[in-house]
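Engineer: Sending over a structure as structure tokens; questions will come in a sec.
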Amino acid sequence: MTTDVSILDRARGCLLGGAVGDALGAPVEFLSLSEIRNRFGQAGLEEFAPAYGRIGAITDDTQMTLFAAEGLIRAQVRYAGRGICHPPSVIHHALVRWLYTQGERSVALQQKPDGWLVEQQALWARRAPGATCLSALRATTQFGEPAGNDSKGCGAIMRISPIGLFVKINDEHSQPNPAVCEMACESARSTHGHIDSTLSSGFFALLIALLLRRSSLSDAIATSRRWVEAQEGSAGVLAAVAQATHLARAGAAATPEIIEGLGQGWVAEEALAISLFCALRAKSFEYGVRLAVNHGGDSDSTGSLTGQLLGTMWGASVIPSRWLQQLELREVIEEIARDLVSVAEDCPSEELWPRYPGW
């Protein structure tokens, strides 16, 4: 694959690739491997199939990723206009706006949600949102506060990639920018309190940031692993990463049975491990995301994470056009990607305030 891909195309690839992986995995999210094969044949699911009453339906994974990205844009707009901002709190506020679209409420949201994203009525569809995210956001009394649970579900890592797309990183790939990891970890804690969720999210955000700047996947994994090694309580995440990378590099067969040996993806470190294995073994975008969804477990989340990695590595052009044409909210996803890159690279203009109010 070519490395001559622009930052914008990689960012588009990340968000679109994640949404495509999410939509591919949505029909089989709650099926066992035998059920998948009984329904779709021995090769498993290979193309979009109906879910939630349509083809190409996204789930809560992509919904929350879009709101996290919107929160980052609004944080930058606020900083440009007022000179002060705490991005994880603004992202937390954005996630509470997503909660509102799901018919739920938090006392922290004291007025009707604003901004253009919440006006996209298709985002109000309820697509099997995670119980931990719902309960943590419902319980929010102050933006930026950590969740009062010890959950390590994958509901944080699945939405964390916009931080990797947004935060500027050192030019030298060998030195991680602590801001990427710290922001991702703090944002993850707004819904999930377990250290495995926190560090998996920091690892994945840094991985995306490095891939965005043309690091190879192997080098990005090595750099991200060095960051995790320096953190307390990192044994669980390091073990998951080591198992995935060892299997991928040892020539283990890329089969659903091997993937299920890494877990089911319901918790953060397992979802991370599955996405790393599938991305390392991917011969193409299609191959990688198909591999990521055909297992008994959280197929839409592992498909989304794998799609995010491959889309960032190779750019949006590698995503099959037939899938993009059927993808729900494709235009909204593309617009968020463009705006995220624009405000990350340049000082936001006052014209953005009505769309992304930074109060």
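None of the figures in this text is laboratory data; all of them are computed from the coordinates on show. As the structure is a prediction and not an experimental result, all values here were calculated from the model. A quick note on method: Cβ atoms are made from the backbone with ideal geometry, for glycine too, and the neighbour counts reach across all protein chains shown.
Engineer: So for each of 128-141, 343-356 I average, over its residues, the number of other beta carbons within 10 Å; can you give me the resulting order with the highest mean first?
Structural biologist: Working: 128-141: 18.5, 343-356: 14.6.
Ranked by mean Cβ neighbours within 10 Å, highest first: 128-141, 343-356.
Engineer: So for the chain, Kirkwood radius off the Cα pairs, Stokes-Einstein at 25 °C and 0.890 mPa s: how many µm² s⁻¹?
Structural biologist: On the way: Rh = 19.7 Å.
Reported coefficient: 125 µm²/s.
Engineer: Within 10 Å, count the other beta carbons around each residue, average over each peptide in 283-292, 249-258, 328-337, and list them highest first.
Structural biologist: On the way: 283-292: 22.1, 249-258: 12.3, 328-337: 19.5.
Highest to lowest by the protection proxy: 283-292, 328-337, 249-258.
Engineer: Only helical DSSP H runs with n ≥ 4 go in: add -39500 (n - 2.57) per run for the chain, normalise by residue count and round the 222 nm mean residue ellipticity to 500 deg cm²/dmol.
Structural biologist: Values: 16 runs with 202 residues, N = 359.
Calculated mean residue ellipticity at 222 nm is -17500 deg cm²/dmol.
Engineer: Still on this structure: What's the angle, to the nearest 10 degrees (0 to 90), between helix 178-188's Cα axis and the longest principal axis of the chain?
Structural biologist: 90 degrees
Engineer: Are there any chymotrypsin sites (Phe, Trp or Tyr not before Pro) in region 1-109 that are in a DSSP loop and have at most 13 other Cβ atoms within 10 Å? List them by number. Don't skip to the answer; put the middle values down first.
Structural biologist: Numbers: sites: Phe30, Phe40, Phe48, Tyr52, Phe67, Tyr79, Trp98, Tyr100; in loops: Phe30, Phe48, Tyr52.
Hits after loop and neighbour filter: Phe30.
Engineer: Can you give me the Cα centroid spacing of region 1-66 and region 100-119 in angstrom?
Structural biologist: If we compute the Cα centre of each part, the gap is 27 Å.
Engineer: Now a separate question. Over the C-alpha atoms of region 204-259, what are the Rg and the largest Cα-to-Cα span, Dmax, in Å?
Structural biologist: Both quantities, over Cα of region 204-259: 12.5, 33 Å.
Engineer: Could you compute Rg(Cα) / (2.2 N^0.38 Å) for region 1-97, with N its residue count? Could you put the intermediate results ahead of the total?
Structural biologist: On the way: Rg = 18.1 Å, N = 97, 2.2 N^0.38 = 12.5 Å.
Ratio of Cα Rg to 2.2 N^0.38 Å: 1.45.
Engineer: Could you give the length gained on full extension between Ala253 and Glu119, defined as 0.36 nm per residue of separation minus the Cα-Cα distance, in nm?
Structural biologist: Working: separation 134, 0.36 × 134 = 48.24 nm, distance 4.53 nm.
Extra length available between Ala253 and Glu119 comes to 43.7 nm.
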